[in-house]
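Below is one structure; the comments refer to it alone.
The values are calculated or read from the model by the stated rules, or taken from the named source; none is laboratory data. Keep in mind the model is a prediction, meaning the values are calculated, not measured. Note: ideal-geometry Cβ built from the backbone for every residue, glycine included; neighbour counts use all protein chains shown.
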Amino acid sequence: MTRDALTEAGDHRNELREVTFIAVTGSCGKTTTKDLTAAVLGSRLRGSKNEDTRNCGPDVAAAILRIRPDDDFFVQELGAWGPGTLDAGIHLVRPDIAVVTNLRNDHYSSLRGPRGAQAEKGKLVRSVPVTGAAVLNADDPLVRELASWTSARTISFGRSADADLRACDVSARWPERLSFAVSYDGLSTRVQTQLLGEHLLGSALAALATAIVFGMELEEACDALARAQPSFRRMSCQTHPDGVTFIRDDWKAPLDSVTDALAFMRSAVAARKVAVLGTISDFPGRSRRTYSLVAWKAMMAVDATIFVGERAAALWGKHCGADLEAEAQLRRQILGALDDPAGVIAQTDVDRLGRLFVFESVHDATAFAREYLRTGDLVLLKSSGPADHLERLILDRQEPATCWEARCGRVYPCDMCDALRGARAHMTAAAPC
């Protein structure tokens, strides 16, 4: 987008005096929070949101240019990937309401952890005018601290006893969807959502808290939340005619969110549980220990784990349908990479651990999964979207894919790509397992 377009977006923002601007930031959950907020507010009011996960630079300007002067609200998620990267988005949006989901290790290499995330993302709270509001996660200590960074009204949400909007009696054990009791200002109700996993509770509560700022009654907001669908590729569900159910969480895979997704799988009830894992990002320390820890947690949570990618293959070698002795050796190798001075992990009953398979390419993993998965399986797909394009493992079950490029450079999912089965696609040769 040209400088003229950015100037045009800024001028358009100046004219939108009757529109309430809501900006959502945080390490995880921005897109889901944005989508739920727009769904809840949209049940009564007229407004819009940014598309997909377009949360920075020219995409923000383009979203602002689409706002109508007679809209009631606009919701924009804002991403930050290093010091100073949130500034342009704040300058364009100039939010009336700031929402902060959590502060974790996303973009660890540049932000250096949760404190660095707080320094950058906390700017959003500081930008809110005194007539505005900040919606803050009371369960995250660093987000809670942001209440002192503004003179605007604050409303906190979470399970904490002193949260303004408080949730309790939370349930989300698959095949159940997330449900919880919620209370605010002496009123209580229960909401049954369409969301998957307890870790989406914060996004649901943030949407409700924002609706309260708009003056919606708690019960009305909860009714609207109950109708909202999960965001695409953020714990969204897909069941195929062959009876295999996929949970797609394949947009990004920072270590914190991998742990959340595995916790969902561990509590799930299904005939057989399978986790397909790709590239893991945003973690301190060395990758060997991180990948090994995730592998161990996955084996504790599910019946089978399928690791896909060059890093996993470089760490452990290919184990494509390995025999039990080779798999036992792989487990010993993984255990040796973990810091377990008390021997707690080492004392795990090996018979309780799920199976583990390692593939270097998506093509090989897909060929294996095509035969391995069966009716009744619950399959988590957790990956770093454009780095992996693991979604081909799902799409190939609908109709054979012909594009197996490892690094195509496209940032959108294969669902939307004409090369998946098109004439321009070609198959990359894959070595047999």
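Numbers at a glance
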read-out: Matching entry among 317, 336 (being under 17 Å from residue 298 (Cα atoms) and either within 28 Å of the chain's Cα centre (by Cα) or modelled with pLDDT of 85 or more (or both)); value: 336
read-out: Unique match (being basic (Lys, Arg) and assigned to a loop (DSSP other than H, G, I, E, B)) among 115, 104; value: 104
read-out: Residue ID - farthest from residue 393 (Cα to Cα), chosen from residues in region 254-279 that are at pLDDT 95 or above, among the aliphatic types (A, V, I, L, M) and under 18 Å from the mean Cα position of the chain (by Cα); value: 263
read-out: In region 192-235, the residues that are of a type in the set (A, V, I, L, M, F, W, C), farther than 23 Å from residue 154 by Cα and crowded, with 21+ Cβ neighbours inside 10 Å; value: 195, 196, 228, 235
read-out: Matching residues, region 370-390, being farther than 14 Å from residue 309 by Cβ and either in a strand (DSSP E or B) or not polar (S, T, N, Q) (or both); value: 370, 371, 372, 373, 374, 376, 377, 378, 379, 380
read-out: Residue that is touching an Asp or Glu at 6+ places or on another chain (Cβ under 8 Å) and touching a residue at least 40 places away in the same chain (Cβ under 8 Å), where the choices are 158, 132; value: 158
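Residue by residue, here is whether (1) farther than 21 Å from residue 157 by Cα; (2) of a type in the set (S, T, N, Q); (3) touching a Lys or Arg at 6+ places or on another chain (Cβ under 6 Å) holds:
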site: 16; (1), (2), (3): yes, no, no
site: 32; (1), (2), (3): no, yes, yes
site: 35; (1), (2), (3): no, no, no
site: 94; (1), (2), (3): yes, no, no
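Quick grid of which residues meet (1) more than 27 Å from the chain's Cα centre (by Cα); (2) in a strand (DSSP E or B); (3) of a type in the set (A, V, I, L, M):
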position: 9; (1), (2), (3): yes, no, yes
position: 37; (1), (2), (3): no, no, no
position: 41; (1), (2), (3): no, no, yes
position: 53; (1), (2), (3): no, no, no
position: 64; (1), (2), (3): no, no, yes
position: 70; (1), (2), (3): yes, no, no
position: 82; (1), (2), (3): no, no, no
position: 85; (1), (2), (3): no, no, no
